[in-house]
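To start, the structure under review is shown below, and the notes come after it.
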Amino acid sequence: MSRVVLLCGLLASAFAYSETLYVSDRLTLNLRDAPSSTAGVLRPSLNSGDALEVLRRDRDSEFLEVVTEDGRQGWVHGQYVVAMPIARERLQAAEERIAALEGTIAEQRVELEAWASGEPVVTPADEALKAQIEGLGQQIEDLKGIVARNATRRADQPTGMIRTLRDYWPVLGFGFFIIGLVIGFVIRSRPKRSAWS
């Protein structure tokens, strides 16, 4: 009888303390200083998901000479590297895309319900367009103010030929004086001719 109780106790404790664990997808890969499994290890080691640029392949040992993203150069065994990003990173990218698509679906569902109920639908694109229109309206008002100030300044100043003559009359007067002197010297220096020649 005591054996039965002991056996039941052991089975109960085994079920009570059982847990589920998973094999880790993290892999640590040694970066070596030569194409050999016995070559020295360069620290720090590489982790799963690290990107490597392959410089060359050693055909005899299947090792690859690589450069890491941080510029370290060494050798790794070819069986531990793949041409695609690891599943964890692809899964994360897929989950982000799914979340974005779910957000889009939720927005479209709200728009569809609003259309079905006859309410006006305002989308984020509509809001952005409205903000742009308001910004352009403000710019137009600013430009109108600038034009009005310039028109006021111009109204205060004389226009056309009157303004030009008023601003430049001293220069024009001096110019006419010099032209008169030059004409006078030219006329005096000419030899006099008789009317008969």
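The values are calculated or read from the model by the stated rules, or taken from the named source; none is laboratory data. As the structure is a computational prediction, the values presented were derived from the model and not from experiment. Here the Cβ positions follow ideal geometry from the backbone for every residue, glycine too, while neighbour counts run over all protein chains shown.
Within the range 95-127, can you find the residues that are modelled with pLDDT under 85 and of a type in the set (G, A, S)?
A114, A116, S117, G118, A125
What number of residues within the range 74-89 are in contact with a Leu (Cβ under 8 Å, 6 or more places away or on another chain) and farther than 17 Å from T38 by Cα?
Total meeting the criteria: 1.
In the range 56-80, which residues are of a type in the set (V, I, T) and either farther than 17 Å from P44 by Cβ or more than 34 Å from the chain's Cα centre (by Cα) (or both)? Give the steps one after another, and end with the answer.
To start, the set of residues in the range 56-80 that are of a type in the set (V, I, T) comprises 66-68, 76.
Result: V76, single match.
Being in a helix (DSSP H, G or I) and either of a type in the set (D, E) or touching a Gly at 6+ places or on another chain (Cβ under 7 Å) (or both) is the filter here, so list the residues in the range 93-135 that pass it.
Pass one, the range 93-135, residues in a helix (DSSP H, G or I): 93-117, 124-135.
Across the range 93-135, the qualifying residues are E95, E96, E102, E107, E111, E113, D126, E127, E134.
What are the residue pairs meeting all of these: first residue in the range 37-64, first residue part of a strand (DSSP E or B), second residue at pLDDT 85 or above and among the acidic types (D, E), Cβ atoms under 6 Å, and 6 or more apart or on different chains?
Going by the 6 Å Cβ cut-off, the qualifying pairs are L42/D33; L55/E65; R56/E65.
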